[in-house]
Amino acid sequence: MTRVAARLQPFGTTIFAEMTALANKHGAVNLAQGFPDFDGPEAAKAAAKAAIDAGEAQYARMSGVPKLNQAVAGAFAGRTGLAIDPDAHVTITSGCTEAIAATFLGLINPGDEVILFEPFYDSYRACVAMAGARPRFVTLRPGARVGGKGFGFDPDELRRAFTDKTRAILVNTPHNPTGKVFTRAELELIAGLCRDLNVMAITDEVYEHLTYDASKPHVSLASMPGMFDRTVTLSSVGKSFSLTGWKIGWAIAPPTLTAGVRAAHQFLTFATATPLQHGAAAIIANPGAAVREYVDLFRRNRDVLSSALRELGFRVYDAEGTYFIMADHTEVSRRLGVTGDRGLCAAMIEKYGVAAIPPSVFYENQEHGRSLVRFTYCKKAATIDEAIRRLERMRTA
Ligand code: GLN
C-alpha cells in the first residue's frame, strides 16, 4: 500500500524522469526532457566560481542576493517599461518550479478555483492540489486561433471558466508543450477578465527569450494596463541561459502578492544557492551574445526537425517559441502499428533510439493528448541531426 499523501497520489512520477530513465536505458537520443546537451555561458560559470572562491558559502538573504534581485529587476523593467523595485518586488527562488509552488501555497486558499490552460506543464496541476484548490481547464486546440495555424482557445470557454470562486489564472507564455506564444489580443482578453472579476494572474515566462518570429514577440501580462498590481510574473535562468541544473528562478510581484510568495518561500527553501545567485546575476546583467546564440541554434533546430518530421508523416504544429514542437502522430502510428502517444514513444525509444514525451499527461482528459507527441530541440545541431537520421528508418517500417 502506498504511503504517498492522498493529494499527491494521482500524479505518480513525472513523465520527465520516466522518459529520461528510459532514454538512458536504451541509449536513445533524448528529445524528451527539455534540457540542453551543452554547457551554459562561460561568464556565468566564472562568476559562480569566483563567488565560491570568495567564500560566499552561507545563506543568502531570504529574498535573494541583492545583486541578483537588481539584475532581475533591471532586465524586467528594461523589457516591459515597468518600474520594478529589486527588494520590494523580486523574490529569488530555487528555480521557477519553487516559484510556482511558493505562489500557489502562499496566495491560494483551499477551495479556491484556479484556471489552467491545457495542455499544462505538470507541476501546475500538482501545485493546485498541494494548495487544496480546484482546477478549471481551458483547452488550447490546434487551429483554434482565429487567423492562425497554431494552438488557440475559444474566448467563450475562457469566459465560462471564470466563476465567483476563481482566485487566479495561470498563463504560461511562451507555452510548454505547444510552442505557442500568446498574442497581445489573447492576453488583452485574459487581462480584461482578470480586471473585471478581480482575479490574480500567475504567469510562467521561463521561455521569455526563446521566440523565433519577430512578428510574434513575447508579451508579459504584467505590462498590460492595470495588470502589474494583480500579477505574479515567474521566470528563471534555466531556459534562457541553458542553466537548467542551476535552479535559479524568481517571482516578480507587487508587495501585496510578494508577501504571499515570501510567506511560503521562507519555509520551502528559505534561500537558494548563494554562489549560483552570483553567477546568475553576472549573466543577467551582461548577457552578451549568449541568448542570441541559443536562439539562433534553436531556430535552426526547430526548422530542421519540423521539416524532417513532416516528411515522415507527422502533422507538425507551428511553434513560435520555447524549445518544443507538438505533432500529431496518427499517420505514423498507423504505419508502425502502435496505438496512443505512449505506444508511439515506446516504439521510438526501443526500435529507433529517439525519446520524446507522450503529452497525454498534460491533459485533464488524457484522451485529448493521445494523438500528440512532444519533441524538444534544445540540443546541439549534431544531436538533432543524429535523431533525424535515426527517425528516417521509420520510413521503411
Ligand atoms: N521543463 C522541462 C520540460 O518540459 C523539464 C522539467 C523537468 O524535468 N521537471 O521538458
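Just so it is clear, none of the values below were taken in a lab; they were calculated from the coordinates. This is a predicted model, so every value here is computed, not measured. So basically every Cβ, Gly included, is an ideal-geometry build from the backbone, and we count neighbours across all protein chains shown.
For the reader, a short list of remarks on this structure follows.
- Dipole in debye (nearest 20) - the chain, about Cα centre, beta carbon charges: Lys, Arg +1; Asp, Glu -1: 660
- Under 5 Å, built H, 5+ apart or other chain: amide partners of ILE202: ILE169, LEU170, VAL171, VAL232
- Beta bridges by DSSP in the chain, antiparallel share as percent, to the nearest 5: 50
- The chain, relative contact order [Cα under 8 Å, separation at least 6], %: 25
- Packing-based ranking of 154-164, 303-313, 97-107 yields 97-107, 303-313, 154-164, ordered from highest to lowest mean Cβ neighbour count within 10 Å.
- Residue-by-residue Karplus 3J(HN,Hα) for segment 125-136, coefficients 6.51, -1.76, 1.60, Hz, glycine and proline x: 4, 5, 5, 4, 5, 5, 7, x, 8, 10, x, 10
- For segment 191-199, putting each phi into the Karplus relation 6.51 cos²θ - 1.76 cosθ + 1.60 with θ = phi - 60° gives couplings of 4, x, 5, 4, 5, 4, 10, 6, 10 Hz, in residue order, rounded to whole numbers and with x for Gly and Pro.
- For VAL138, distant residues with modelled amide H under 5 Å away: LEU116, PHE117, GLU118
- Cross-link partners for LYS239 among the lysines, with Cα-Cα distance under 23 Å and sequence neighbours closer than 8 places in the same chain left out: LYS45, LYS49, LYS67, LYS180, LYS216, LYS247, LYS379, LYS380.
- Relative protection proxy for 125-135, 239-249, 53-63, from highest mean packing down: 239-249, 125-135, 53-63 (other beta-carbon atoms within 10 angstrom).
- Cα-centred dipole magnitude for segment 125-251, charges only on beta-carbon of K, R (+1) and D, E (-1), debye, nearest 20: 320
- Our note on the geometry: Cα centres of segment 284-315 and segment 1-63, 22 Å apart.
- Sorting 217-224, 86-93 by average packing, meaning the other beta carbons within 10 Å per residue, from highest down gives 86-93, 217-224.
- Distant-in-sequence amide contacts of VAL354, defined by a placed amide H-H separation under 5 Å and a gap of 5 or more residues or a different chain, comprise VAL29, ILE349.
- Basic side chains Lys and Arg get +1 at the Cβ, acidic Asp and Glu get -1 at the Cβ, and with that the dipole of segment 234-358 about its Cα centre reaches some 160 debye.
- Placing a label point 7 Å from the Cα of ALA46 along the Cα-to-Cβ line, the residues of segment 278-322 whose backbone N sits under 19 Å from it are 278-294.
- Under the Karplus curve 6.51 cos²θ - 1.76 cosθ + 1.60, θ = phi - 60°, whole-Hz ³J(HN,Hα) for segment 168-177, x wherever Gly or Pro sits: 7, 10, 9, 10, 10, 9, x, 9, 9, x
- Cβ-derived FRET efficiency at R0 45 Å, ARG393 paired with LEU268, nearest 0.05: 0.45
- Spin-label model, ARG134/ASP87: points 7 Å from Cα along the beta carbon direction are separated by 4.3 nm.
- Over the chain, volume per residue of the alpha carbon convex hull, in Å³: 144
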